Amino acid sequence: MKFIEPTPVDAVSSELTDLQVASWREQGFVLVDGLLPLDLVSKLVDAAVSRFPSANSDEAAGLNDFGGGMTFPDQNRFFNLMSLHPHLLGATSQLLEVPISELRLSQSDLWPKYGRVPGDRGDLDNQDQRMHLDYPNHTLTHPPAWDQPEAVEIIVYLCDETDVGGATAVVPRESHDDVAYRSPMVNTPGVSDIPWINDRCRAEAWFQKHHPEIAEFRTRLYEREVYAQYRQGSVLLYRHDTWHRGTPLHPGSIRLAHNLTFRKAEAYWISTLHPGWAWAMYQPDQRMERLIAEVSPEQRSVLGFPAPGDPYWDSDKIDAVEARYGALGFDAVPYRQQLSWTGLN
Ligand SMILES: O=C(O)CCC(=O)C(=O)O
Ligand SMILES: [Fe+2]
C-alpha cells in the first residue's frame, strides 16, 4: 500500500504552491494541509457529530450509502461558510486559472461514513467502493480534454485516517498518453450499459461477466492506486475525471467528510447536485438570505449572484436588492461603486 501524505500550502498566502498546482494538473489530484482554519474545521465536526447517528448505533447500522447528509445551504452557518471559504475559492481559482467571480458552487455536502466488518451488504454498499469517476452524476456531457479542466472536486476531511481508516484511493495520471486516462473515459459505473453498483466485489464481478476486457483494464487501475493519508483538515483536490474510490474504514468508526465541486461559470452543463438555493429560500430560518447578506461580493458571485460591475446591474436593481436584503446586513456599496465607475449610471 502506497500512502500519500498531505503537503502544506504556502504558510503566508494560504495559496497552493507551484508543485501542488502541477500535481493537480498532471496527476489529477493533490492532498494538502493548512488550507483551512482548524477552528472552523472543529466547529464543523461538532455540528456534524450532533447531527448524525453515532458509530455503532442502531440508526447508523441502516445507513449504508451516502446521501441524507448536510447539503448547501444548511441550517448550520459554519457549514455554509466552509462551503464558500475564501481559501477553497482561491485554490480553485489557481487550478482553473479563472478569477473567483467566474467560479460557481455546484456541490457541497457533508456526510458520515460508518466502518463495518467485511461482508456483502449489497450493490449499494459504500464501504469498499469500486474504482470510478465522478463525472456521470455531475455533468450532462463528458469531461473535456485533460488540459481544459472545467471543475475542481474537493474532499475536506474532518477526521484522521490513522484513527478511522477509509483513505481515499486515487490513481495518479502518469503521462499525457496514460491509457487509464484516454478519452472517452467510459469504463466506470453509471456510463453506457454499466449499472450503478457501488460495492467493489459486486461491481468487478459484473465487469468479469459482461465485459471481461474492461475488467482487465480496471484490474490495472487497482494495481496503481495510492492512498490519501489525510488528517483532520486535510483537503483533497481532484477532478471529475480522476480515477478514485473510497476504501474500508476501521469497523465501528465514523468518518466525516465534506465534498465540494466548483465549476467554471461557463460550464453550465455541470449541474448542481442538490435541490438548490431557491428551495432553501422557502425555509423559515432564512438561511440562504442571511448568508447572501453576510458573505463578500466575490463569495456571492460563486452562488450565481451577479458580481459588482456585471452588466446585470442598474441602479434600480441595486436599490431593489438592497431593499430585499438590507435589513439582514447586505452592503450595496460595492455594486453602486462599480456602476458609477463603468459610467452606466
Ligand atoms: O469516501 C471516499 O473517500 C471517496 C468517496 C467517493 O469517491 C464517492 O462517494 O464518490
Ligand atoms: Fe467518487
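Values quoted throughout were computed directly from the atomic coordinates according to the rules given, and no laboratory measurement underlies them. Remember, it's a predicted structure, so these values are computed and weren't measured experimentally. So basically every Cβ, Gly included, is an ideal-geometry build from the backbone, and we count neighbours across all protein chains shown.
Placing +1 on the Cβ of every Lys and Arg and -1 on the Cβ of every Asp and Glu, with no other charges, gives the chain a dipole of roughly 440 debye about its Cα centre. Across the range 284-345, the mean sequence separation of Cα contacts (distance under 8 Å, 6 or more residues apart), normalised by length, yields a relative contact order of 39 percent. Its DSSP H runs of at least 4 residues, each contributing -39,500 (n - 2.57), put the calculated 222 nm mean residue ellipticity of the chain at -9000 deg cm²/dmol, to the nearest 500. Computed from backbone phi with θ = phi - 60° and the Karplus coefficients 6.51, -1.76 and 1.60, the 3J(HN,Hα) list for the range 178-184 is 4, 4, 5, 10, 7, 7, x Hz; x is used for glycine and proline. Note that the chain carries a Kirkwood radius of 21.3 Å, evaluated over its alpha carbons pair by pair.
Mean sequence separation of contacting Cα pairs (under 8 Å, at least six apart), scaled by the length of the chain, corresponds to a relative contact order of 28 percent. One Cα centroid belongs to the range 144-167, the other to the range 226-243; the line between them spans 3 Å. Straight-line reach from residue 264: taking Cα to Cα under 16 Å and skipping same-chain neighbours fewer than 8 places apart, the aspartates and glutamates in range are 97, 102, 147, 150, 153, 241, 298.
Largest mean-square fluctuation among 52, 78, 217, in a Gaussian network model of the chain whose springs join Cα atoms under 10 Å apart, belongs to 217.
Just checking the listed ones, 213, 298, 153: in the Gaussian network model of the chain with Cα springs under 10 Å, the one fluctuating most is 213. Footprinting exposure proxy ranking of 101, 54, fewest other C-beta atoms within 10 angstrom first, gives 54, 101. Per residue, the convex hull around the alpha carbon atoms of the range 29-97 comes to 134 Å³.
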